[in-house]
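S.K.: First the structure, then my questions, so here it is.
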Amino acid sequence: MKKKIAVNPFEEYEKQCTDDELCRLEEFFAEFDMHCRLRSEEKKKLREDFERAVMYYAREGLSLEKALRRLDIKHLGGFYARPPVLWFALDDAAKVYPLSMQHVSMAVFRLAVYLKKEVVPPLLQMALNFTIKRFPTFATTLKKGFFWHYLDTTKRRFCTQEENDIPCQPIKVSGSGSQTFRVLYHKNRISVEFFHVLTDGTGGMTFLKTLTAEYLRLTGVDTPPDETLWDIDATPAAGEFENAFAMVPKGGSASGFVDKAAVQLSGRLSENRPCRIVHLKLDAAGLKAAASRRGATVTAYLLSLMFIAGKAATDELRGEASIQVPVNMRKFYPSQTVRNFAMYCGIRLPLEQLDSAEAIVGEIDAQLKRKASKQAMSEMLTATENMVNMLKYVPLAVKQPVAKLVYGFLGDKIFTNTLSNLGVVTMPEAFAEHIQSMDFVLGTAITNRVECALVTFGGTATFSITKMTADPSFEEKMYDLLCADGVRVRAEGSMLYEN
Amino acid sequence: MKIEVTYPAVPKRRLRRRRLKSAAGWLLLFAAYICPIVNMVTGGKAWSVIVLISLYMVWMLLLSTDLVEYNRISQFTRLIFCACALLAAIDVFISSGWAIEVVPIVCFSGLTVAGILFFTDFEKQKQNMLPMLLLIFMAMGASVVGLCLWHEESRWALAVMGAFALALLVACAVTLGSEFKRELRRRFHTK
């Protein structure tokens, strides 16, 4: 039997190169060797990423000189050349996530950008290789300490994958040096799924924007430095990775976590979590106009619709519906941090009061102003800190089972639903031209049947619904309510994930 | 409302695997529920305790594996902890008098294997030290307590286990040098 000899495509490519080009490539990879001191198998993978990118450019007819300029080794910095030494204690909000996670449920959220052209995988991989060094807290792996988990720096090639699973699935963080986020691509979409220990929506968006900008630069889009984007070659500053909770002034009263159980939407909980993702792509101007007609903010307006849609999706006749609204603490305490720096509040209304969106929007606005105020958030933050201090000398082996039990018992029962609004995202004009829209998908809770999130880019506001039940009542009612208010809506999403 | 599908199809295999794992979990739970009942009905020695510990071992080592730091050292130390608990339970509930010698020997062997696993893949495994450190500390603690409380001839196994644990700790500290201190600082931080 003849033995098959594997052909190295890069060697084949090199055979077609001129002597001058071979010389350039040799110099290029000699420089690569100086910048990469990873273990041999990781180094090999990283080198192959460069080779694939060079071959892609060659196929596209780009000269080798231009290709190597785009792939300049200096973008690797010293990240792959130095051994890992840094470690990061989890911030106050992140501490709960590894304590309460299970094999089937983990606090994962997803941010995605839709480009106008299909994603080129070798270039996305190179964009990640260059971007990761700018985010030292992302280049980490989750570790167990005796009292708390922590993030330990890991030096490896962080990989991108083609999307082929249900969104927001638990990330395998158990292996030595495993990633705590995943970068996925599918057609024209780049998605990043983050384990919440790393970052919150704002921090995640900073990463996605930086990654997308780097990807677009590699595809040939160029723009002068812009202050809305992180420069991947800049040196990371301590303030960008601080536990910002620590800088909030202490004292005052503590309150916030406990509340009455809220009404849950009806519909059998699905085995697959989530069982469907629905994106309502809204005309941003129309949405703003509809909110203005009600004299409310976009968040308050959407909350009013969610309450009405929620009522249509439950069989309960009495009780209180409650929607959790994450609050970005950066607006009260300006910080550059890309780690978690958010608290939340709950907007509550009795079911009997939910007659129409017009009738409740005023009350929602008032509750938002009161409950998402600096004072209220500071009280919740004090409560969080008190709890962290109380538990800090309790061994993890004791804390973890108790936390799982408490989380399983209390869990998300005090809320019916969630609305996380990331606001309006901007990119420099040259990059924005190549982007269609963005979306933000929350991971699943325990009993809440739906979780909602909103992000606006360009003229499109994407309202994403993460579903835990096959019952379509909620999204259908939302769709009807938005259409009735004159907002242009287009529905996209996943198929129903059924066994 | 018509939804345009923009996500890829998910292979059924993945979905089925999750279901299978869940089914196995329920089967174990059922066995754990039924065994003590059968034991109580039939009478005799408390063999169901041994079955329960064994089921817990299967659950922990195969179905509910570590979510953080799942590696060869952590799995092996888990196995050693469970095996020691199982041996102690057999001694207490089925036939007694031998565990005080056997458990330290098993623990000693466990420390030896953990040491080999650690030092043969040092660069990678130095990130996975905590389970081995805990095994070392527990062996040392158990050795001291055992030697103080147990005054029979069979104390030698406890002494060997304690001495070997201390030797392994020193070997780790010497090999890791300043990194050992840093490792301890991050592993035992309270921030």
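S.K.: Expressed in nm to one decimal, what extension gain is obtained for the pair A:Asp315 and A:Arg330 from 0.36 nm per residue of sequence separation less their Cα-Cα distance?
M.R.: This chain segment gains 1.5 nm when fully extended.
S.K.: Taking the Cα atoms only, what angle lies between the long axis of helix A:40-59 and the longest principal axis of chain A, rounded to 10 degrees?
M.R.: In chain A, helix A:40-59 runs at an angle near 80 degrees to the longest axis.
S.K.: If you find the alpha carbon centre of region A:229-250 and of region B:15-43, how far apart are they in angstrom?
M.R.: 49 Å
S.K.: Here is a further query. Per residue of B:178-191, how many C-beta atoms from partner chains lie within 10 Å of its own C-beta, taken as a mean?
M.R.: Across B:178-191, the average partner-chain Cβ count within 10 Å equals 4.
S.K.: Further, regarding this structure: Cβ under 13 Å from A:Glu65's Cβ, A:Glu65 left aside: what net charge do those residues give with Lys, Arg +1 and Asp, Glu -1?
M.R.: 0
S.K.: Further, regarding this structure: If we count other beta carbons within 10 Å of each Cβ, what is the order of A:Cys452, A:Cys17, fewest first?
M.R.: A:Cys17, A:Cys452
S.K.: Moving on to the next point. Compute the normalised compactness of region B:87-161: alpha-carbon radius of gyration over 2.2 N^0.38 Å, N being the residue count.
M.R.: 1.26
S.K.: Compute the distance in nm between two label points, each set 7 Å from the Cα along the Cα-to-Cβ direction, one at B:His189 and one at A:Gln16.
M.R.: Simple spin-label model gives 5.0 nm for this pair.
S.K.: In degrees from 0 to 90, rounded to the nearest 10, what is the angle of the helix A:374-391 Cα long axis to the longest principal axis of chain A?
M.R.: For A:374-391 against chain A, the angle is about 70 degrees.
S.K.: For A:Trp230, B:Trp59, B:Trp26, what ranking results if the residue with the fewest other Cβ atoms within 10 Å of its Cβ goes first?
M.R.: B:Trp26, B:Trp59, A:Trp230
S.K.: Here is a further query. With a ≥ b ≥ c taken as the square roots of the eigenvalues of the C-alpha gyration tensor of chain B, please select rounded if a/c is under 1.5 and otherwise prolate if a/b is larger than b/c or oblate if it is not?
M.R.: It is oblate, given that a/c is not under 1.5 and a/b is not larger than b/c.
S.K.: For an R0 of 30 angstrom, estimate the FRET efficiency from the Cβ-Cβ distance between B:Trp150 and A:Val394 and round to the nearest 0.05.
M.R.: 0.45
S.K.: Here is a further query. Taking 0.36 nm per intervening residue step and subtracting the Cα-Cα distance, what contour gain separates B:Ser54 from B:Ser95 on full extension?
M.R.: Full-extension gain reported as 13.1 nm.
S.K.: Now for a different question. If you count, for every residue in B:63-69, the Cβ atoms of partner chains within 10 Å of its Cβ, what is the mean?
M.R.: 6
S.K.: Taking only DSSP H segments of four or more residues, each worth -39500 (n - 2.57), what value at 222 nm results for chain A once the sum is divided by all its residues, to the nearest 500 deg cm²/dmol?
M.R.: Rounded to the nearest 500, the figure is -11000 deg cm²/dmol.
S.K.: Evaluate E = 1/(1 + (r/R0)^6) for B:Arg16 and A:Gln161, where r is the Cβ-Cβ distance and R0 equals 30 Å; express this FRET efficiency to the nearest 0.05.
M.R.: My answer for the efficiency is 0.90.
S.K.: Principal axis extents for region B:13-64, Cα atoms only, whole Å, descending order, please.
M.R.: 45, 19, 9
S.K.: Right, next: Please rank B:Lys191, A:Lys250, A:Lys143, fewest neighbouring Cβ atoms within 10 Å first, as an exposure proxy.
M.R.: A:Lys250, B:Lys191, A:Lys143
S.K.: Based on alpha-carbon centroids, what's the gap between region B:114-191 and region A:50-120 in Å, whole number please?
M.R.: After rounding, the separation between the Cα centres reads 37 Å.
S.K.: To the nearest 10 degrees, how steep is helix A:19-35 against the longest Cα principal axis of chain A, on a 0 to 90 scale?
M.R.: Once rounded, one gets 50 degrees.
S.K.: Which values, in whole Å and largest first, are the semi-axes of the equivalent ellipsoid of region A:257-493 obtained as the square root of 5 times each eigenvalue of the Cα gyration tensor?
M.R.: 29, 23, 19
S.K.: What is the Cα centroid distance between region A:303-354 and region B:53-104, reported in whole angstrom?
M.R.: Between the Cα centres of region A:303-354 and region B:53-104 lies a distance of 46 Å.
S.K.: Over all pairs of distinct alpha carbons, what does the Kirkwood formula give as the hydrodynamic radius of region A:10-82, in Å?
M.R.: Its Kirkwood hydrodynamic radius stands at 12.7 Å.
S.K.: According to the Cα gyration tensor, what semi-axes, each the square root of 5 times an eigenvalue, does the equivalent ellipsoid of region B:119-179 have, listed from largest to smallest in whole Å?
M.R.: Over the Cα atoms of region B:119-179, the ellipsoid semi-axes are 28, 10, 9 Å.
S.K.: Sticking with this structure for a sec: Hydropathy first: keep DSSP H helices in chain B averaging at least 1.6 on Kyte-Doolittle, then drop any whose Cα extent along the axis falls short of 20 Å, and list what survives.
M.R.: Span-like helices here: B:99-120, B:130-149, B:156-176.
S.K.: Charges only on Cβ, +1 for Lys and Arg, -1 for Asp and Glu: so what's the dipole of region A:326-455 about the Cα centre, in debye to the nearest 20?
M.R.: With Lys and Arg at +1 and Asp and Glu at -1, about 760 debye.
S.K.: Using a 10 Å cut-off around each Cβ of peptide A:167-179, what is the average number of partner chain Cβ atoms that fall inside?
M.R.: If you average over the peptide's residues, the count of other-chain Cβ atoms is 3.
S.K.: Just check the protein assembly as shown against the gyration tensor rule for me: Cα atoms, a ≥ b ≥ c as the square roots of the eigenvalues, rounded for a/c under 1.5, and otherwise prolate or oblate depending on whether a/b exceeds b/c.
M.R.: oblate
Quick note: the coordinates plus some simple rules give every number you see, no bench work behind them. Everything quoted here is computed from the prediction, not taken from an experiment. Don't worry about glycine lacking a Cβ; one is built from the backbone with ideal geometry, like all the others, and counts go over all protein chains shown.
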